[in-house]
Amino acid sequence: MSAVVDIRNLSVSFATDHGPVKAVHDFSLEVRSGEVLAIVGESGSGKTVTAKSILGLLPGNATAAGAVLLSNKAGTSSSDVVSLSKQQLREVRGTDVAMVFQEPSTALNPVYPIGWQIIEGIRAHRKISKQEARAKAIDILGRVGIPDPEERVDHYPHQFSGGQKQRIVIAMALALDPGLIVADEPTTALDVTVQAEILDLLRRCRDEFGMAIVLITHNMGVVADLADRVAVMYQGELVEQADVTTLFASPQADYTKKLLGSVPFVGHGTARAIERADARPAGWAEQTPVVSAQDLTIQYPGRFGRPGFVAVRGVSFDIRPGEVLGLVGESGSGKSTIGRAIAGLTPVTGGSLSVLGTEMLGVKERDFRPLRKRIGFVFQDPASSFNPLLTIAQCVAEPLVVHGIAADAQDARAHVDELLEAVQLPRAYGDRYPHELSGGQRQRASLARALALRPELLIADEPTSALDVSVQARVLDLFAELQAELGFASLFISHDLAVVDLLSDRIGVLFRGELVEEGTGAEVLGAPKEAYTKRLLGSLPVPDPVEQARRRAALAELRKTE
């Protein structure tokens, strides 16, 4: 097979106020026609910079050296992307290579219908009428699995689910039938069932359209499921490459071994849960729960005379002091709604929800306000939950100032420094701004802020979904250590079953707002009773190519019986 892209001695550096920063150093790699090549590594390793180099999408302060030889799909011509002019780059983007971006919500323009956006890309490169381009857009939407494409071609991005938006972005990339697609973290924010569908779609695109795929990801299960070959990057350099079976079976580089060793597996949390249970005092199970839900119902009001939407229906569970309850389920199952209701951010409309002895049904804000200092909240995306104008120390001190424990951020600085050290961040990082920290460092700072008031209850909503595996492992270990040391109860919300299994004493499975199964990790994940739990487990990719191929076949059989 011929090479679709041949990267030779690529080096990329960025000009900054503190001098040049080298992101990629002497990187060489080729991708052959019909092949899926995965580039893996932790944040800052140079994966995305390498991917953007293939399309000539580097920012203005970047300097690239070396060659990126890109061939057309027919293999009749090639060009060096590094030396192309802007006009020449416009000609190869979309036709020879296209990109699937990490966050489809930002890749799609919210003010235009999705059909218009696909048509615009087609007509920018092909001299065809609007009617022909529209017919092609409808066809490509149908081929990527969008239902009723003739009607939905005129819908706007906000009218689609997260998984459907990702399919639309893939459709835009396929519209001009390129020979290579660069997919940058295409499944990061998706739950496991939707992720499995997107991976099936990418696999089908490779086979039906005959294209190569460069997959940028930190999910080693996704790599095992989709990739033919794997390249491992560390600090801008290629440290190892091999076919997927060889790499997982016998990694050679120390960094690759460390990376694979950081991946959590379902079943690894059983021993930890037993240790935590054995360490609890006698009579622990009879203690008054920190959170108690009985037939909890949460309904969002309808608009313009339409009926309301019931997000949570008849859910019952307890969280006792010092216990971690994991909530799993696909997008829209009601996980975050329950977390927000416990924190007093979403009103309860039916049943009963007792939080720290206060009934949340009909609670007044003035009655609940004194309890807020006893509840911590770790948000999914710390980059958007931190004020970009405040330093990390000021952000972490904010709860202390709001609740009158400190006069201002400077008065709380000694306590903030202790908190930063507790989450393994140097004190000097308190003087930095959020954008100056990596994703893992921001998440640790977010954990420090949540623990500032030493809460009795901590709600963690997808705190590791956007982190690479090595950083995720450190954050999870830190969470477990702090929970054991401080003894707070916790609701841990995630779509990653292996992460929930690692941290939780009990696991609840939500499906369309209802709690369909609850128990220990060994009961729920080891011997699931409900068909939905089985499908959820079957959709979870495992970092073992041989086992993943078997699981993929089993999931296909399970879907046939539904």
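The values are calculated or read from the model by the stated rules, or taken from the named source; none is laboratory data. As the structure is a prediction and not an experimental result, all values here were calculated from the model. Note that each Cβ is placed from the backbone with ideal geometry, even for glycine, and that neighbours are counted across all protein chains shown.
Can you pull out every residue in the range 326-354 that is among the hydrophobic types (A, V, I, L, M, F, W, C) and either more than 23 Å from residue 501 (Cα to Cα) or outside any strand (DSSP E or B) (or both)? Step through it out loud before you land on a result.
Step one: of the range 326-354, the residues among the hydrophobic types (A, V, I, L, M, F, W, C) are 327-328, 338, 341-343, 345, 348, 353.
If the condition is that a residue be among the hydrophobic types (A, V, I, L, M, F, W, C) and either more than 23 Å from residue 501 (Cα to Cα) or outside any strand (DSSP E or B) (or both), then 338, 341, 342, 343, 345, 348, 353 are the ones that fit.
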Practice problem: Might you let me know whether the range 134-148 holds any residue that is buried (at least 18 other Cβ atoms within 10 Å of the Cβ), in a helix (DSSP H, G or I) and at pLDDT below 90? | Solution: yes
Exercise. Look through the range 105-131, keep the residues that are in contact with a Pro (Cβ under 8 Å, 6 or more places away or on another chain) and in a helix (DSSP H, G or I), and return whichever of them is modelled with the highest pLDDT.
Key: 114
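In the range 1-97, which strands (runs of 3 or more DSSP E) lie fully inside it and hold 3 or more residues that are closer than 30 Å to residue 220 by Cα? Outline the logic, then answer.
Working: elements: 3-14, 21-32, 36-40, 62-71, 78-80.
It comes to 3-14, 21-32, 36-40, 62-71.
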Quiz item: What tally of residues in the range 149-208 results from selecting those that are in a helix (DSSP H, G or I), out of contact with any helix residue (DSSP H, G or I) (no Cβ under 7 Å at 6 or more places or on another chain) and within 30 Å of residue 6 (Cβ to Cβ)?
Solution: 6
Exercise. Tell me which residues, restricted to the range 302-323, are among the aliphatic types (A, V, I, L, M) and under 24 Å from residue 190 (Cβ atoms).
Key: 310, 311, 312, 315
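Take the residues of the range 314-331 that are closer than 29 Å to residue 164 by Cβ and crowded, with 18+ Cβ neighbours inside 10 Å: which is farthest from the chain's Cα centre (by Cα)?
315
For residues in the range 236-272 being β-branched (Val, Ile, Thr) and closer than 24 Å to residue 484 by Cβ, which is surrounded by the fewest Cβ atoms within 10 Å (Cβ to Cβ)? Spell out how you get there, then give the answer.
Residues of the range 236-272 that are β-branched (Val, Ile, Thr), as a first pass: 239, 244-246, 256, 263, 266, 270.
Next, only the ones that are closer than 24 Å to residue 484 by Cβ stay: 263, 266, 270.
Numbers: 263: 20, 266: 19, 270: 16.
Applying the filter and picking the extreme gives 270.
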Self-check item: Unmet criterion (only one of (1) surrounded by fewer than 20 Cβ atoms within 10 Å (Cβ to Cβ); (2) in contact with a Pro (Cβ under 9 Å, 6 or more places away or on another chain)) for residue 88
Solution: (2)
Quiz item: residue 41: in contact with a helix residue (DSSP H, G or I) (Cβ under 7 Å, 6 or more places away or on another chain), surrounded by fewer than 18 Cβ atoms within 10 Å (Cβ to Cβ) and at pLDDT 85 or above, yes or no?
Solution: no
